[in-house]
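Notes for the one structure printed next.
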């Protein structure tokens, strides 16, 4: 049917290597995940097959890569997988940015991109639903069954009793409060950048975005300090360290995954910043920037939930460390 | 495009509703039960401890050990208490291995619907217990059954409540024993 | 298509033939629930049969309708298709009628559910612990009976009852309301006795409870099997329950959990052992 | 663009490697999905055939021990669900026909579409690796069932086999999530002028609902898989470890919150395809189109609030059981609406019994059979006797192995000419249908009897009392195998003979947009968007 002129505004894309390479990167990353964590722990048991697997496969690879084999596990494979994935993302996004600049993103394509981003954020929200569900289950209903404290529904303070006795919780009004303010502030700076961009005030946009990224990095930094302090508690032999129970599991995994999303959001904003510096984005068309801003706001909202439930309510009866 | 946008709005609202309904159905249901007094999670107020009813329940005691060389038994199989009346029961635990060991106990109560009314004012659960080799220790549980149990229609048939404890080994605390034995037990 | 319908129809007929009286274990070629030995299982069987008739009716209705439509409206007999696409009355009807059928069904269903759950005043308790891979039974009310482990018998010893027979059966009295506490020492298991209508998961760190009461005159040996995947020997942890008369049970308890030939007499409820 | 210098709007097909590995064409990607689905189906079918052979008589004949059998059973479930049914119906037929049916030139995000596909082989490789690496002390592979309940999947399976499965399922999950985003955007944003939501073909509707289910359910699975992963690390988390205050039962809640919508994810697209086939071969438009569309939406919505009916015996509060019982029964209503609407579509029609129609009729009948046993199982009281017995196995194979799979074959024969451009041999196709139809019924109908009689699932060996029906069931596996043989024969024959199919080889009844195109359709269709008349009747 060649020869017909294309009379629609949709964007037909020529073959692209990135999806296939993404699959390859995912495979390397997945192998890295398994070998890294399987390598950390001696899971071989007594199976001869296991001995063979580790001796001939991973250990050989590991020692050929590291020389001595003192580092157990396939962290190198994991690292290679991550770098591979980063390379693919770089190439993929570069193509998208180039297509956008070439005018391939007609209004209808632009709307499609918006739908796509909304759906993506929806699935991210459901991912956190899983973690919050676990958190509430451990906080509320697990103890209903276990009759730890039956008045949980009477007052919110009851949440705190989901922790084992003596477990110290993080004081919500120190670092977590600061982090909340930082994220809220970053929400305003990103809006500032957006409005500046819309009014073609490129300098303001650059500054707004720069501040947002800086605040994102500070947030991550403070979160790392908080983790470091908590790990220090374990090192010092504090017997009721929160990592020793299911509450701690939920705490670390929920805040950890949020932190991971902050990292992704920061990188996303950073990419936008670089594009902005290079002269990308127009006042009337800058969806890449908007998507980053949406994502940032989503991360912000998740944090507010974490702050309200994980830090404040659960920590009401907790002992500040 | 506006038709599309409308559809989007509808669908987003729909999905949020689906999400919300799914996520909220369990807590909502529990809350509903509590408010109507129909379900099992009736709350209790803290200042009714003085009230003691004539209705009696039999409280049975149960014990389990999971992955520890310990003997762990209740010192009484059951005891009859009035609603609101404080009961005192003892469990004894003995370390039959030749090294000191640390365990931690979880507990639960059946029937599930009666669990929220079973209140322990002192227990040894969720704290680490260290027991020397050959040592035998006795551990008290002080509890009462909330008199509000009597007001709940659903619990009219509850005459027997079981309190069960399970001792687990503390992760990492007894490594030399559990790394080998624990796996053996599991596989 | 007709041939297939005939086959399925005859299979359905096979199903509704009156059930043969079954023993206390599965029967080769058996196609129905095992014989009820407890009130719960009796109720369960009743509800099952009730629902079965409803779903059979629905299936037959759809089948006959389909058969008729395929016959009547085949291209040969009906060369020109109609263009009807809506009939409000019909659409409302096939929404309302199923709702009514479901409402009819839900009443006995809830009754059974609550009957199973409401623990009556039980006369004794047994405790079941699932291990990998055997069951451990204890009698908390009878401290003199030591808890024991019930291992499956190997093929040579079990004969025809391989994968059902154990080296130590759970002994319970007939006509007694018995509470069963179920837990597990590691993986999930499920304590299931089909003839009693009980099945309850054994979960580590949790205690679950259920109850049964074997009907008078139903003494005998009953069999069940672990019903929650628990690893390599999941298939090989059968449950064997010996239901004995109250007197025999008393003597079993008096002998610290052993059947002996010793004569036992009962004097005002207390047991007197005679040589 | 990495050296592939094709003009954006070139209609020519790229070279082999670029076309099949770097593809951005929805039809090519759909073809890849279908080929992938067939390969996975053969692997999964092999696993189930071995299981049936093992069970054909008491005693352990084929497998080394119970663990090896459990590995086969677990992998059969995972591969059939994630790598056969889902890729075939959503990835394969969805990719091929959703854009065409709504009058779009391609999917909204063609590159992401290809990513969705390429994550699947990655996932399958991870699952296949897990076969050959240590699982537990009893042997290689993971034998904890497709439901992966802890503690059997945490402390009970210490080897890396299960880690590979987690990684594989995460990859498959992200594949489906990206696919879902793509379908939703395509359907909402790329409908041809005049193609309103209420004029959209039912298959597109079914994929839209499915995509929403995927989007909302799979992230929860991803979260619970991460929990399993970290629980498995020594010194890691304790979500499902009672010793740390966690709760193994909680995994079941999270899993089934995903797992129940997953069941509808597999069956809804089949509903869509069957609707088209029934309408085409009755030469009548769908009866009660709106009711059909919104019944699917209702099934999707209710599907999210019934998950714990898979957990009646875990020791749940009785009122919760009562709620889940009632909610589950509600699903029978929209499902009934669909069944009756299909019957009403045929009523007054002029029915020709071509191969796709045979599959569709068999689908309706067998789905009813599987559906009514679902009503039985929904009764929490009766479920106590049937839970985790072969009755459940029979039930879900009637709705999946005969529901979803019959739907797949129904669509396959319906669109085979459209996709390949060739006509299939009717005799081979008929042999496939009849052998398959008889085979699966012989396999699964006796399993109802086994279940009623009390035979538990996932048993490598069973008491001799269960022998008769197991023998019958295993005999059915031979018949089904022969049926699959005819399917492959049919494929080979069609591609050797190359009988050209016309644009609309089904005649008047086939009214959706794909029949306005040539067979196979041009590499890029609808360079001029079709216009749907406002007064088109459904």
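Each reported figure results from applying straightforward, stated rules to the coordinates on display, with no laboratory input. Only a predicted model underlies this, so the values are computations on that prediction, with no experimental measurement involved. Counting neighbours? That spans all protein chains shown, and the Cβs are built from the backbone with ideal geometry, glycine included.
Relative to the longest principal axis of the Cα atoms of chain D, the long axis of helix D:289-302 lies at roughly 30 degrees.
Only beta bridges with both residues in the stretch C:124-256 are counted; by DSSP, about 70 percent of them are antiparallel. Our note on the geometry: Cα centres of the stretch D:171-246 and the stretch A:266-287, 29 Å apart. Between helix D:202-232 and chain D there is an angle of about 30 degrees, using the helix long axis and the longest principal axis of the Cα atoms. Whole percent per 10 Å bin, from 0 to the bin with the longest distance: what is P(r) over all C-alpha pairs of chain C? For chain C, the pair-distance distribution reads 6, 21, 26, 19, 12, 8, 5, 2, 1, 0.
The peptide list D:321-334, D:69-82, A:202-215, put in order of mean Cβ contacts within 10 Å with the highest first, becomes D:69-82, D:321-334, A:202-215.
Inter-chain neighbour count for D:387-393: the average number of beta-carbon atoms from partner chains within 10 Å of each residue's beta-carbon is 3.
Each of D:111, C:72, A:275 has some number of other Cβ atoms within 10 Å of its Cβ, and from fewest to most they run C:72, A:275, D:111.
How would you rank A:258, D:198, going from fewest to most other Cβ atoms within 10 Å of each one's own Cβ? Don't jump to the answer; show the numbers that get you there.
Details: A:258 19, D:198 10.
Starting with the residue having the fewest Cβ neighbours, the order is D:198, A:258.
For chain D, the longest principal axis of the alpha carbon atoms and the long axis of helix D:161-189 meet at an angle near 30°.
Here the label points at residue A:173 and residue B:76, each 7 Å from Cα along the C-beta direction, are separated by 4.5 nm in the simple model. Mean per-residue shielding of peptide A:249-259 is 3, counting Cβ atoms of other chains within 10 Å of each Cβ.
Using a cutoff of 8 angstrom between alpha carbon atoms and counting only pairs six or more residues apart, the relative contact order for chain D works out to 17 percent. Remark: mean inter-chain Cβ contacts per residue of D:146-154 equal 4, using a 10 Å Cβ-Cβ cutoff to other protein chain atoms.
Taking the number of Cβ atoms within 10 Å of each Cβ as an exposure proxy, the fewest-first ranking of C:165, C:83, D:13 is C:83, D:13, C:165.
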